Amino acid sequence: MKLPVNSLAGLDLLASAVVILDAQGRISYANAAAENMLKSSFRLLDQQRLVDMFANGDKLDTVFRQALSHQFAEKSQDLTLQRTGGDSLQVHVVVTALHNPDTPVLIEMRENVQQLKLDREERLLDQSLANKELIRNLAHEIKNPLGGIRGAAQLLELELPERHLKELREYTQVIIKEADRLQTLVDRLLAPHRRPHIVGDVNIHEVCERVRSLMLAEFPSGLTINRDYDLSLPDFRGDKAQLIQVVLNIAHNAAQALSERIASGDAVLTLQTRVARQVTLAKIRYRLALDLHIIDNGPGIPTEIQDRIFFPLVSGRDGGSGLGLTLAQTFIQQHSGVIECESRPGCTDFRILIPLP
């Protein structure tokens, strides 16, 4: 029996995930927060068994059967649920027995870490805004004397006596080349503030496919790029070139971290798109948001820099400039979004959230 969905529309306003199960434990209703938690739309969740969505679903199955046999009216407990093929959920679960033979059990789940994630996003935004202002001011302060140093070195080279030109020119060339290198670094720091934000209709899957083709051209063997797309995602207004640069920066960083696995032929990069519902970004709540994940099976980001990877000049590899993720975060914030990251050995997941119309 189908539930009258219109009568349950108010549950979409709740921050906690609510699912209603039939007597066989199959999902008869899931609100927006449940779709977000289970990473799937109700169209796909309908008639699936909730316990089958978790590797340790027996924990939920136990309380479901207790509710089904009316051993209690309502029961609360904290559980760690392992999503099949994904990460774990720390949730507070409330199971309620309903007086309805067709849909006898209601389960409410709230992530215990949800508030922590919101606090972390706010800190990330504040830090990014402070970093952006610092970078802009610092780059301008460096740029002016840098031009003077380079110009002075060029003039000095012209004034060198002929008999010492060969040996002394080596030193002036060092000054000029280092000044040019620093100028390039300053230009990269200022790039997001100089380049106009060109807005148009963007299909995120076109962005992902462009990045995929570029990555496969650079790494033709040893790297598998999986696509897990939700094709129901609508187009949105954004800067396509910036978004390609963001996804490419993250994917390229992942490929460099996967160098050993690429050599052994078992490197995997996954591009996953979903719709997130009732998302709060920069203290503004949005009904829908693009939820793009770039996941790799590499060694993970070193623990000591995980909280600082979006800071300028912080890099996890030798020779890295530490600017790619800083610029990526800036570009996404220009789209009113945010980039988050969770990393452990064997799985690094960069999550990009952008509001949808």
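Bear in mind these aren't lab numbers, they're just calculated from the coordinates by the rules spelled out. Not measured: the values here are computed from a predicted model. Note: ideal-geometry Cβ built from the backbone for every residue, glycine included; neighbour counts use all protein chains shown.
Side notes on the structure shown:
- Restriction of the trypsin sites (Lys or Arg not before Pro) in segment 180-283 to DSSP coil positions whose beta-carbon has at most 12 other beta-carbons within 10 angstrom yields K283.
- Under 20 Å from the H70 label point (7 Å along Cα→beta-carbon), backbone N, segment 9-29: 21-25
- Computing FRET efficiency as 1/(1 + (r/R0)^6) for R169 and Q256, where r is the C-beta to C-beta distance and R0 is 35 Å, gives about 0.40.
- Contour minus Cα-Cα distance for A282 and T80 (0.36 nm per residue): 69.9 nm
- Using 0.36 nm per residue and subtracting the Cα-Cα separation, the extra length available between D46 and R308 on full extension is 90.3 nm.
- Fraction of beta bridges assigned by DSSP in segment 223-317 that are antiparallel (%, nearest 5): 65 percent
- Within segment 54-97, trypsin sites (Lys or Arg not before Pro) in DSSP loop having at most 10 other beta-carbon neighbours inside 10 Å: none
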